[in-house]
Amino acid sequence: MTTGTALFTFAAVAQPVAGNGWRPFPGLQTSKTPAMKGWNGLNTAEWDNADLIATIAEYQPAHLYCCCLAVQPEIVAIDADILDPVHAACADALANDILGNTPLVRIGLAPKQIRVYRADGLVRARKLHPIEIFCGSGQFIAFGWHEKAGRPYTWPHASPLTINSDSDTIPVVSQAQIERFVTELFKTIPRRLTKQSRPGAVPQTIGERLRMLTVMHNSWKRAATIVLNEAGDGSFNETLWAIVTSAAGRGISESVIWELVEKRFDREPTASEIKVLTSMIERTRPALRSSPTMTFTATGGRRG
């Protein structure tokens, strides 16, 4: 990050964003992954303001942390991971036509974008590469520095800093509209099928695929190797995090994870890759400092 980007840290925007009804939490600027354990409690519970203030004070220095948003059940976030300009323009036009022209469009590495809507009842979260739909689960970076783009994440029209989460200016979308959008989109844009995909199959999460392959091959290490080799650049960090957390849960040595990563690249990891993986491993270790255990209640936020 360069100077002059203080506005884009978690500490700078968390309180006004939460005040507008959104669910912010700190993410790591370097790896674009959540920095706070238990963040997914925010998918179903709002922050308590005192807890949010304490969290802002805890995650310092501020420039290390971007601002992520946990997606609440009333919100639909559609992540279009499309770099081809023609395909991206097609997806944009279809979304405007079928889902409505939302003022909330977040851009990281253009023309990739996330469009935010309000949910009309139950909308199912799904991963249909290159489209991912979040509703009542998942998270995305709202404010921070995008290293590849060389600038902050941007909101060209409006943002969670300027619009309440229940604002009438945000179009309401239904499951039927989402299905129509996806159907029409894949008539023009090729879907990225993973090796396990087959017609009619329900998309798997990375964790589900890892567990399935572990049973199939009777080897967690073999399964993790397959999943790592399947991961594209856009999903590599997500895949690596699934493997690190799975290894921690199974008591698998950290050296095994490093070995898997080296084999994946057929070389020694770069300094940046070492930093990301080290951070992930550190976050799965038992806490060495005393801090209150975070839980979320149905009516409030983080409770110590």
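Quick notes on this structure:
- Compared with the direct C-alpha span, the chain from D168 to S279 gains 36.0 nm at full extension, assuming 0.36 nm per residue.
- Amide H partners (placed H, <5 Å) of Y65, local residues excluded: F10, Q29
- Estimated inter-spin distance, S137 and A158, nm [label 7 Å along Cα→Cβ]: 2.9 nm
- With both labels modelled 7 Å from their Cα along Cα-to-Cβ, the N101 to T245 distance reads 3.9 nm.
- Extending 7 Å from Cα along the Cβ direction at K187 and again at W258 yields two label points whose distance is 5.3 nm.
- Near the amide H of R151, within less than 5 Å, lie the amide hydrogens of H146, all on another chain or at least 5 residues away, with H placed in the peptide plane.
- Computed lengthening from R126 to E58, 0.36 nm per intervening residue step minus Cα-Cα distance: 21.2 nm
Taken together, the values in this text are just the output of simple stated rules run on the coordinates, not laboratory data. Bear in mind the structure is a predicted one, so any value in this text is a computation, not a measurement. Cβ coordinates were reconstructed from backbone atoms using ideal geometry, including for glycine residues, and neighbour counts include every protein chain displayed.
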